[in-house]
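Engineer: My questions will all concern the structure given below.
The values are calculated or read from the model by the stated rules, or taken from the named source; none is laboratory data. The shown structure was predicted, so the numbers you read here are calculated from the model rather than taken from an experiment. Please note: Cβ atoms are built from the backbone with ideal geometry, for glycine as well, and neighbour counts cover all protein chains shown. These area figures cover heavy atoms from the full protein model, side chains too; ligands, DNA and RNA do not enter into them. Shrake-Rupley method; radii C 1.70, N 1.55, O 1.52, S 1.80 Å.
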Number of protein chains: 2
Amino acid sequence: MIVGGVAAGMTAASRARRQDPDAQVVVFERGEWISYGACGLPYVLGGAVKDFDALVARTPAQMRARGVGIRLGHEVTGIDATAATVTVHERASGRTLTEPYDRLLLATGVAALRPDWAQSDLSGVHLLREIPDGQAIEATLKGARRACVVGAGYIGIEMAEALRARGLSVVLMEKAPEVAGRMLDPDYQRLVRAELERRGVDVRCNTDVVRLTGRDGRVTGVQTEHGLVRADVVIVAVGVRPRTELAGGAGVRLGKSGAVAVNARQETSVPGIFSAGDNTECIHRVTRRKVHIPLALSANRMGRIAGVNMAGGDARFPGVVGTGIFKVFELGAARTGLTQTDADSLGLDAVSVDVKSTDHAGYYRGAQPIHVRLTGERGSGRLLGAQLVGCGDSVKRVDVVAALLHRRASVLDLFEADLAYAPPFSGVWDVLLVAADRLSREL
Amino acid sequence: MIVGGVAAGMTAASRARRQDPDAQVVVFERGEWISYGACGLPYVLGGAVKDFDALVARTPAQMRARGVGIRLGHEVTGIDATAATVTVHERASGRTLTEPYDRLLLATGVAALRPDWAQSDLSGVHLLREIPDGQAIEATLKGARRACVVGAGYIGIEMAEALRARGLSVVLMEKAPEVAGRMLDPDYQRLVRAELERRGVDVRCNTDVVRLTGRDGRVTGVQTEHGLVRADVVIVAVGVRPRTELAGGAGVRLGKSGAVAVNARQETSVPGIFSAGDNTECIHRVTRRKVHIPLALSANRMGRIAGVNMAGGDARFPGVVGTGIFKVFELGAARTGLTQTDADSLGLDAVSVDVKSTDHAGYYRGAQPIHVRLTGERGSGRLLGAQLVGCGDSVKRVDVVAALLHRRASVLDLFEADLAYAPPFSGVWDVLLVAADRLSREL
């Protein structure tokens, strides 16, 4: 039995059936959509994705054809771990059911945070987490001219871009001193902000929302300490929290991060109950600490592990290295491992170097700047992390560092790697090699 | 003393001065150009690089300002290893000099092969290796309408693209059954050929040249077993050989590959004589055999190692993993490690899987196909290699596999890597992860 039908839940369902073709698998999803790429929501709104349906990887009919029971509009409201049953609210009928399970997977994901000031009945105020949120924003956008996005994490940044693409004026508001706060070091945050501003986004950092203003039940603006920002649409993107109510109610242990604690088999502290996806902690291979980093790849990977194990197999989650990437207009920003800020806060003796180069040979047509910060540990020479900001796909080379971090490699290992060179693709010494060379001299 | 002033030679010169600021460094270059990116030559001719000067990384004046003596038009014609002197022909004066050295670096590179049929005085017939070759081709192109490129390795392929970009009709001729023979497995060779043909290149494989035809001293065509191909310009790109005449004359040992044999410090069999760059063998980390793979990054890297060691330091060449990449019109093609063909010829128990996916999320605007073949070793689970053909920069992800091969990683290590995902950059499971997953089930 699986609670939640998006990334981790649906992957687990498919995997469980593959592991044991006789397994009875049922998925309870409180909403009406399953198996979709929530990461694509800003791009539907911005026009880079045709429509919401395009985000769906597998329909309920396709999943049923694979032998997976799909129960839409069914919200699991309680777990009796002793009896091994769940209580389910069936929205259509209003009935409450009690259903037994042999093994239970919590794949409840995260909820978008709604701060006090956003506890409002005004229309035009939206969170963005699920497809119905996206549909509501789409409906609001008709006739809207001014948008305010509150929160400049990657979702806020992606939404700012999407709304500009729709022709709205956009104010992007952030409480912290810079955008992309937890993703990047300050210099790299500034590169992201510069791109936002270059594309016409009015970025206001160090700005707290006091309250929303409205008229006739519709939002008209965002009142800050520094004045009023008029807006027809307000997107609230100030963060997420793991949905752990069910887990907590069942006596499942939560970790320090606030997400569900699991072992490498995705087993919780309660026998028979597994947890996977954005509601769940995992191990960070660089720090060897438990972290809560809700991202699609680890959600899918955890779901896969859980599905195998629930159906009698034995798979282990290998951990993450903190890789993330986002697009901001013409630029990409990516990071993996630890930033200098992360390393400092962990008390590591870390040092970073910055290289500004071009994505391919400087003499070849269309060369664009790329910025790379590489971080390593003094003494050990260990590679700790990388941050990249540059044009388009060029920042996907973050994966080279991510793969090496997974293997606990040194800065020297990166420098010695035989990376691909031809003038349309990189300099003779790829920018990662240049950075590793400089960093190795600092360690 | 350094013989040869391009990639390895100039890198060695700079490094030697950095290692020991008091070192006297002199470079003998038989030509008039130093420190340039020969890999950029097809792109100057095709128009993606402004001019030949743009390929120059450092001018003689810049190198002299760094304290490196640069002697252009000086061809070293002999080495007396016992006396530790070289004989130098100074072109301008016609004089022959004898110059002593403490340590000597052979950085003589490769020569383009000129088959018997190309031993011709006809104008319009060109090799492409150095800037003067490029200039000669540029001069020939004025008024030319039909080109024939003989040899479909990466230089031939790049030249076919360049000449199409200049508006010529292009026949690309290859003796072997397919293009890009040694780079890729047959299926991937065919993808490259399909792109060439799609862009109007007339590709003729299994075709041997019999002789050239000419009139009034100018080439008019290429006679093959299958008929005559008319051409105003013929580019001969059938391969290269290491320039080892000097080494051989000095009693320096050559390896089985025909290139100069060295240890990891770039020392040859003769004390005091080093060798680096395209004329030199190196170790392949996957096969642990000595190979001759003349490419710019390893040439520069060997030059760096040699420069450090010649000036009293201690650096070691880490070896290559056989990474290569080239552009073919809108596509890139890349490989690292071993192809299935390579692995079979080495008697390894290797297996490959092919994945066709998209460079980024399929639902996101502009998704383009990408083909990945991943090769691993049965039993050990070791990663052996990857081949990629896909749009533009997407194939640069070959570097992820290259970095892991450097660390002798397994297919599982690749599958478990925490690669970056957002819809504009990849699928949730990057195509490399999808390939690693499938391959791990075959091992």
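Engineer: In the list A:ASP116, A:ASP102, A:ASP133, A:ASP121, which residue meets the criterion of being closer than 25 Å to A:GLY277 by Cα and open to solvent by 50 Å² or more (accessible area, probe 1.4 Å)?
Structural biologist: A:ASP102
Engineer: Of the residues B:THR96, B:THR11, B:THR108, which is among the hydroxyl-bearing types (Ser, Thr, Tyr), free of Cβ contacts under 8 Å to residues at least 40 places away in the same chain and open to solvent by 10 Å² or more (accessible area, probe 1.4 Å)?
Structural biologist: Checking each option against the conditions leaves just B:THR96.
Engineer: Let me ask you something else. Give the residue, chosen from B:VAL229, B:VAL203, B:VAL170, that is assigned to a strand (DSSP E or B) and more than 18 Å from B:LYS327 (Cβ to Cβ).
Structural biologist: B:VAL229
Engineer: Sticking with this one: State whether one or more residues within segment A:432-440 are open to solvent by 20 Å² or more (accessible area, probe 1.4 Å), over 23 Å from the mean Cα position of the chain (by Cα) and away from chain B (no Cβ under 12 Å).
Structural biologist: Scanning segment A:432-440, I find at least one residue that is open to solvent by 20 Å² or more (accessible area, probe 1.4 Å), over 23 Å from the mean Cα position of the chain (by Cα) and away from chain B (no Cβ under 12 Å), so the answer is yes.
Engineer: Considering only residues of segment A:157-169 that are open to solvent by less than 10 Å² (accessible area, probe 1.4 Å) and within 14 Å of chain B (Cβ to nearest Cβ), which is nearest to A:GLY221 (Cα to Cα)?
Structural biologist: Per the stated criteria, the residue is A:MET159.
Engineer: Residue check, B:SER394 against (1) in contact (Cβ under 8 Å) with a residue 40 or more places away in the chain; (2) within 13 Å of chain A (Cβ to nearest Cβ); (3) open to solvent by 20 Å² or more (accessible area, probe 1.4 Å); (4) under 30 Å from A:TYR43 (Cα atoms), all met but one. Which one?
Structural biologist: (3)
Engineer: Could I ask something else about it? With of a type outside the set (S, T, N, Q) and surrounded by fewer than 18 Cβ atoms within 10 Å (Cβ to Cβ) as the only criterion, which of A:GLY313, A:GLY303 stands out?
Structural biologist: Exactly one residue qualifies, and that residue is A:GLY313.
Engineer: So, one more: Contact list please: Cβ distance under 9 Å, first residue in segment B:30-51 and farther than 16 Å from B:LEU163 by Cα and without any contact (Cβ under 8 Å) to a residue 40 or more places away in the chain, second residue open to solvent by 10 Å² or more (accessible area, probe 1.4 Å) and among the charged types (D, E, K, R), pairs at least six apart or on different chains.
Structural biologist: Short answer, once both residue conditions are applied: B:ILE34/B:ARG58; B:SER35/B:ARG58.
Engineer: Considering (1) buried (at least 19 other Cβ atoms within 10 Å of the Cβ); (2) under 11 Å from B:VAL233 (Cβ atoms); (3) not polar (S, T, N, Q), say which one B:LYS142 fails and leave the rest.
Structural biologist: Of everything listed in (1) buried (at least 19 other Cβ atoms within 10 Å of the Cβ); (2) under 11 Å from B:VAL233 (Cβ atoms); (3) not polar (S, T, N, Q), B:LYS142 misses just condition (1).
Engineer: Can you name every residue in segment A:165-179 that is among the small types (Gly, Ala, Ser) and in contact with a Gly (Cβ under 7 Å, 6 or more places away or on another chain)?
Structural biologist: A:ALA165
Engineer: Follow-up. Does segment B:111-130 contain any residue that is hydroxyl-bearing (Ser, Thr, Tyr), in the same structural domain as B:ALA250 (by TED's automatic domain parsing) and more than 25 Å from B:ALA299 (Cα to Cα)?
Structural biologist: No; the residues of segment B:111-130 include none that is hydroxyl-bearing (Ser, Thr, Tyr), in the same structural domain as B:ALA250 (by TED's automatic domain parsing) and more than 25 Å from B:ALA299 (Cα to Cα).
Engineer: Further question on the same structure: Which members of segment B:318-356 meet the condition of being out of contact with any strand residue (DSSP E or B) (no Cβ under 6 Å at 6 or more places or on another chain), over 20 Å from B:LEU295 (Cβ atoms) and polar (S, T, N, Q)?
Structural biologist: Residue satisfying the conditions is B:SER345 alone.
Engineer: Name the residue that is farthest from A:LEU254 (Cα to Cα), counting only residues in segment A:273-288 that are in contact (Cβ under 8 Å) with a residue 12 or more places away in the chain and in a loop (DSSP other than H, G, I, E, B).
Structural biologist: This residue is A:VAL286.
Engineer: Please go through segment A:406-420 and pick out each residue that is open to solvent by less than 10 Å² (accessible area, probe 1.4 Å) and at the interface with chain B (Cβ under 9 Å from one of its Cβ atoms).
Structural biologist: Hits for segment A:406-420 are A:HIS406, A:ALA409, A:LEU414, A:ALA417, A:LEU419, A:ALA420.
Engineer: Could you check segment A:333-379 and list, in sequence order, the residues that are in contact with an Asp or Glu (Cβ under 9 Å, 6 or more places away or on another chain), more than 14 Å from chain B (Cβ to nearest Cβ) and in a loop (DSSP other than H, G, I, E, B)?
Structural biologist: Passing the criteria: A:THR339, A:LEU348, A:ASP349, A:ARG378, A:GLY379.
Engineer: Need a quick list: strands (runs of 3 or more DSSP E) entirely within segment A:1-105 having at least 3 residues that are within 14 Å of another protein chain (Cβ to nearest Cβ) and closer than 21 Å to A:GLN135 by Cα.
Structural biologist: Once the strands (runs of 3 or more DSSP E) in segment A:1-105 are filtered for at least 3 residues that are within 14 Å of another protein chain (Cβ to nearest Cβ) and closer than 21 Å to A:GLN135 by Cα, nothing remains.
Engineer: Kindly indicate whether B:VAL428 is open to solvent by 10 Å² or more (accessible area, probe 1.4 Å), within 8 Å of chain A (Cβ to nearest Cβ) and either among the aromatic types (Phe, Trp, Tyr) or closer than 19 Å to A:VAL320 by Cβ (or both).
Structural biologist: yes
Engineer: Return the only residue of B:ALA402, B:ALA386 being within 7 Å of chain A (Cβ to nearest Cβ), open to solvent by less than 10 Å² (accessible area, probe 1.4 Å) and either part of a helix (DSSP H, G or I) or in contact with a strand residue (DSSP E or B) (Cβ under 6 Å, 6 or more places away or on another chain) (or both).
Structural biologist: B:ALA402
Engineer: Checking the conditions here, which among B:VAL252, B:VAL210, B:VAL222 is over 23 Å from the mean Cα position of the chain (by Cα), over 19 Å from B:ARG145 (Cα atoms) and part of a strand (DSSP E or B)?
Structural biologist: Going through B:VAL252, B:VAL210, B:VAL222 in turn, the sole match is B:VAL210.
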